[in-house]
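Written out below as structure tokens is the structure these notes cover.
The values are calculated or read from the model by the stated rules, or taken from the named source; none is laboratory data. Quick caveat: nothing in here was measured; it's all calculated off a predicted structure. With ideal geometry, Cβ positions are generated from the backbone for all residues, glycine too; neighbour counts draw on all protein chains shown. When the accessible area is computed, the model is the full protein with side chains, heavy atoms only, and any ligands, DNA or RNA have been set aside. Shrake-Rupley method; radii C 1.70, N 1.55, O 1.52, S 1.80 Å.
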Amino acid sequence: MSEPILEVANLVKHFPVTKGVLRRTVGQVQAVDGVSFDVARGETVGLVGESGCGKSTTARTVLGLEKATSGSVRFLGRELVGADMSDVRAARRDMQVVFQDPYASLNPRMTVNNIIAEAWHIHPGVVDESKHRTKVQELLEVVGLNPNYVNRYPHQFSGGQRQRIGIARALALEPTLIIADEPVSALDVSVQAQVVNLLEDLQNELGLSYLFIAHDLSVVRHISDRVAVMYLGKIVEFGAGADVYESPAHPYTKALLSAVPVPASRKHVRGERIMLKGDVPSPSNPPGGCRFHTRCWKVADICRTDEPPLEEITPGHQVACHYPETPVEIGV
Amino acid sequence: MDPLLVVDDLHVEFRTDDGVVRAVNGLSYMVDRRETVAILGESGSGKSVSAQAIMGLIASPPGFITKGSVRFEGRELLTMAEDERRKVRGADIAMVFQDALSALNPVFSVGWQISEMFRKHRGASKKEAKKSAVELMELVEIPDATNRYRSFPHEFSGGMRQRVMIAMALALDPDVLIADEPTTALDVTVQAQVMQLLENVQAEFGMGLVLITHDLGVVAEQADRVVVMYAGRAMEKGTIDEIFDQPHHPYTEGLMNSIPRLDDLNERLNPIRGNPPDLLRIPSGCAFRPRCPYQQPDCAEVEPTLEFVGDSGRSTACHHWRDAFGE
Ligand SMILES: Nc1ncnc2c1ncn2[C@@H]1O[C@H](COP(=O)(O)OP(=O)(O)OP(=O)(O)O)[C@@H](O)[C@H]1O
Ligand SMILES: Nc1ncnc2c1ncn2[C@@H]1O[C@H](COP(=O)(O)OP(=O)(O)OP(=O)(O)O)[C@@H](O)[C@H]1O
Ligand SMILES: [Mg+2]
Ligand SMILES: [Mg+2]
């Protein structure tokens, strides 16, 4: 892989928990608690984990939509945490976002033309005003929509088509990185595959990088070069898709993968299912030591007291566990 | 003996200001004791509406059941008087609703809401009802049930609330349980717990389970037989092995090709082209025709009916299945 364009180091985002009319701070939701990863040019990094583990907060903090509590976000060589608003805004041109909900993320009172061209008004000088319309039509064609639809409104499109509009809007400023937060989760399977293929085609043509967030482990496996697994605000495992999926080293990753129901006939041999007990603990009061220790079947004394750091176990494969699974050789 | 539940040629439409939404257009299937039948289909294919029709919960207007029959142990439900119907609901056929997570009343304790089933339907005393509710909470594996009886819904996680909804559906010991997307809002690890729970209670109570879902993985792991729905119709019916190994309808095949698989990498996905149908304007003939790679001129003219494939009981609604999929 080529040089990293995004480097996130020890990123922390806590939300205060307030109580009473005086809104006294009584605690902190440790939504993201020391997350480090990087994304290379032309690469797709997948971010998976269960509801509430901090995926969206990571994305929003990287995008500057939430102010980081601490840590560093370097994008194209520039530090964004603590930077001036103008620098952040300039960086945001190269870093665009596609949201989960194609129904809620498009303004229902704006035409497709205005939705896509809006970014050019915020960043003047990118596309000359006289060329807006033709450029919008070009973008519609790129995402596989009829260019004659420029004057239509979002409600006149299906869910998959709306997500294409969201992608066209993200492409308007020719970004280097697209952060996609659950971009296909709201779509039907038959349509989801269309959007996944579109994202892959765009990457090949335009050399885009993606940070791809989803809870569907199969979709993430399909689209990602590397995958990070989050649990309660932390990355517990990070590595090449093949390493993480075929040789998971963290017990949580193993359990998560084993829980995915296999869409195949009964003749298909299934691996053993690891049934985790209980629910994910609250991020406002996470367990000490390893955050997974309350649900882990390998738990030992050290896990209750010492937090395991994210460390490399084989080249490029990082895991945060005192007792990781031994890596297996993966055939190429 | 009569089969447990038979749905036969069910038609449901909604008469709206925009026109007639034909939500269910001739759906037939049956479920027996100890059996799990999955109703598989994408959003808007009529899964929930067909279940509401079986439960007698379609508000009319705008909804109308225009044709068909639903029989429980041989008794016709669609023409039954409402007070008799009410006795069937819950005690004979119970349902876990799709929006279960918001179905609990936030101002009453969870235990009280479960025990109400016994007070209202069985005339149990407060004390008896509480005892039965705690037993049910234990059955659905809510830890520390005696104390959690007094908890309010917001104090429960999504997975626990879904367990409560399942407990309420099981309260009157139904013969048929209809579960509408029981795990869709849950994380995979919790989904696995809830599916296991459903399997356990089915083994214990021996009821017939109608599992409504859009998730091919859940279908494959949980069901005995599948009804694949599209635009309110059954496109194909068969066993898990038949449907997954040798789909005999272009839509089923398209669905199978669309999903990424954990063990099949870097292959380009094969989506179904086009978009799901607008139920105000269902295409003439075969509803899947505009998206079908095998379409022929006659597909626009005649709506295909389910035809048996072989003699195992599987069936497909496609004029050209022989050409497309062989015998
Ligand atoms: N503005 C906020 N104020 C307080 N807590 C918040 C805020 N935003 C998020 N959180 C909390 O931070 C945690 C992480 O939330 P986040 O949305 O990042 O999770 P997620 O991994 O994206 O989950 P999902 O898969 O459900 O989208 C959750 O416990 C959430 O309730
Ligand atoms: N009260 C109503 N009035 C008008 N149309 C309705 C009404 N209820 C349902 N419909 C329509 O009937 C069709 C079938 O809806 P249904 O809820 O059965 O879909 P579904 O297969 O359960 O989808 P999902 O997977 O999204 O739950 C949809 O087009 C829906 O918009
Ligand atoms: Mg999120
Ligand atoms: Mg539904």
Short version: which residues of the range A:273-310 lose at least 20 Å² of accessible area, all chains versus chain alone, 1.4 Å probe? A:ARG273, A:MET275, A:LEU276, A:ASP279
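Give the dimensionless ratio obtained when the Cα radius of gyration of chain A is divided by 2.2 N^0.38 Å. Intermediate results must be reported in sequence, preceding the final value.
Numbers: Rg = 21.0 Å, N = 332, 2.2 N^0.38 = 20.0 Å.
In units of the globular-protein estimate, chain A measures up at 1.05.
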For A:GLU79, list long-range residues whose amide hydrogen, built 1.01 Å from N in the peptide plane, is under 5 Å from its own amide hydrogen. none
The range B:108-185 versus the range B:201-249: alpha-carbon centroid distance in Å: 27 Å
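Taking both sides together, what accessible area is buried at the A/B interface, probe 1.4 Å, expressed in Å² and rounded to the nearest 100? List each step's numbers first, then the result.
Details: alone 16550 and 15990 Å², together 28930 Å².
Roughly 3600 Å² of accessible surface disappears when A and B pair.
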Before rounding to the nearest 500, sum -39500 (n - 2.57) across all DSSP H runs of length at least 4 in chain B and divide by the residue total; then give [θ] at 222 nm in deg cm²/dmol. -10000 deg cm²/dmol
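Show that you can apply the helix-only estimate: for chain A, add -39,500 (n - 2.57) for every DSSP H stretch of four or more residues, divide by all residues, and state [θ] at 222 nm to the nearest 500.
Details: 10 runs with 98 residues, N = 332.
That calculation yields -8500 deg cm²/dmol at 222 nm.
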Calculate the tail of P(r) for the range B:91-236: the fraction of all Cα-Cα distances greater than 27 Å, expressed in %. 20 percent
log₁₀ of I(q)/I(0) at q = 0.18 Å⁻¹ - the range B:104-170, Debye sum with one point per alpha carbon: -0.55
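Within 10 Å of each Cβ of A:213-222, how many other protein chain Cβ atoms are there on average?
On the way: counts 0, 0, 2, 5, 3, 7, 3, 2, 7, 10.
Shielding by partners across A:213-222 averages 4.
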Which order do peptides A:263-270, B:250-257 fall in by mean Cβ count within 10 Å, highest first? B:250-257, A:263-270
Based on Cβ point charges of +1 for Lys and Arg and -1 for Asp and Glu, what charge dipole magnitude is obtained for chain B about its Cα centre, in debye rounded to the nearest 20? 1260 debye
In the range B:176-204, what residues drop by 10 Å² or more of accessible area when the other protein chains are put back, versus the chain on its own? Use 1.4 Å, and skip ligands and nucleic acids. B:ASP187, B:VAL188, B:THR189, B:VAL190, B:GLN191, B:ALA192, B:GLN193, B:GLN196
Within the P(r) computed for the range A:52-183, what percentage of the Cα pairs occupies the region above 17 Å? 60 percent
Explain nothing, just the number: dipole magnitude of the protein assembly as shown about its Cα centre with +1 on each Lys and Arg Cβ and -1 on each Asp and Glu Cβ, in debye rounded to the nearest 20. 2200 debye
Which ³J(HN,Hα) values in Hz, rounded to whole numbers, follow from the phi angles of the range A:210-222 under the Karplus curve 6.51 cos²θ - 1.76 cosθ + 1.60, where θ = phi - 60° and Gly and Pro get x? 10, 9, 10, 9, 6, 9, 7, 5, 6, 5, 5, 4, 5
Across the range B:301-310, in residue order, what do the Karplus-derived ³J(HN,Hα) couplings come to in whole Hz, using 6.51 cos²θ - 1.76 cosθ + 1.60 with θ = phi - 60° and x for Gly and Pro? 9, 10, 6, x, 9, 5, 10, 5, 10, x
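How many percent of the accessible area of the range B:13-105 is carbon or sulfur, using a 1.4 Å probe? Intermediate values should be presented prior to the final figure.
On the way: 2030 of 4240 Å².
Here it works out to 48 percent.
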In Hz, Karplus ³J(HN,Hα) per residue of the range A:170-179 (6.51, -1.76, 1.60; θ = phi - 60°; x = Gly, Pro): 5, 7, 4, 9, 6, x, 8, 10, 10, 9
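What does the convex hull of the Cα atoms come to per residue for chain B, in Å³? Intermediate values should be presented prior to the final figure.
On the way: hull volume 50.1 nm³, N = 327.
That works out to 153 Å³ per residue.
Tell me the Kirkwood radius of the range A:173-332: reciprocal of the mean inverse pair distance over distinct alpha-carbon atoms, in Å.
On the way: mean 1/r = 0.0572 Å⁻¹.
In the range A:173-332 this quantity evaluates to 17.5 Å.
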Reduced Cα scattering model of the protein assembly as shown, Debye log10 I(q)/I(0), q = 0.12 Å⁻¹: -1.44
The Cα extents of the range B:15-168 along the principal axes, largest first and rounded to whole Å, are 50, 31, 31
Provide the three semi-axes, in whole Å and in decreasing order, of the ellipsoid equivalent to the range A:126-239 as defined by the square roots of 5 times the Cα gyration tensor eigenvalues. 28, 17, 12
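Kindly report the accessible area of the range A:117-159 per residue (heavy atoms of protein chains, probe 1.4 Å, no ligands, DNA or RNA), in Å². Please report the intermediate quantities before stating the final value.
Details: 2540 Å² over 43 residues.
Per residue, the range A:117-159 has an accessible area of 59 Å².
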Threshold 10 Å², the range B:244-262 residues less accessible with all protein chains present than alone (1.4 Å probe): B:PHE244, B:ASP245, B:LEU255, B:SER258, B:ILE259, B:PRO260, B:ARG261, B:LEU262
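Compute the semi-axes of the equivalent ellipsoid of the range A:11-98, taking the square root of 5 times each eigenvalue of the Cα gyration tensor, and list them largest first in whole Å.
Numbers: eigenvalues 134, 57, 23 Å².
So the three semi-axes of the range A:11-98 are 26, 17, 11 Å.
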Solvent-accessible area, 1.4 Å probe, carbon plus sulfur percent, for chain A: 49 percent
Under 16 Å from the Cα of A:LYS131 - aspartates and glutamates, other chains or at least 8 residues apart: A:GLU118, A:GLU141, A:GLU174
Need one word for the range B:222-327: rounded, prolate or oblate. Basis is the Cα gyration tensor (sqrt eigenvalues a ≥ b ≥ c); a/c below 1.5 gives rounded, then a/b vs b/c decides. oblate
Select from B:ASN200, A:PHE37, B:ALA81 the residue farthest towards the positive end of the dipole of the protein assembly as shown; place +1 on Cβ of Lys and Arg, -1 on Cβ of Asp and Glu, and compute about the Cα centre. B:ALA81
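State which entries of A:LYS234/A:LYS277; A:LYS234/A:LYS298; B:LYS47/B:LYS237; B:LYS87/B:LYS120; A:LYS267/B:LYS47 exceed 22 angstrom in Cα-Cα distance in the structure shown. Working shown, then result.
Working: A:LYS234/A:LYS277 20 Å; A:LYS234/A:LYS298 19 Å; B:LYS47/B:LYS237 15 Å; B:LYS87/B:LYS120 11 Å; A:LYS267/B:LYS47 28 Å.
Table pairs above 22 Å Cα-Cα are A:LYS267/B:LYS47.
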Provide the packing ranking of B:308-319, A:17-28, A:219-230, i.e. peptides ordered by the mean count of other C-beta atoms within 10 Å per residue, highest first. A:219-230, B:308-319, A:17-28
Accessible area per residue for the range A:229-332 in Å², computed with a 1.4 Å probe and the full protein assembly in place, what is it? 49 Å²
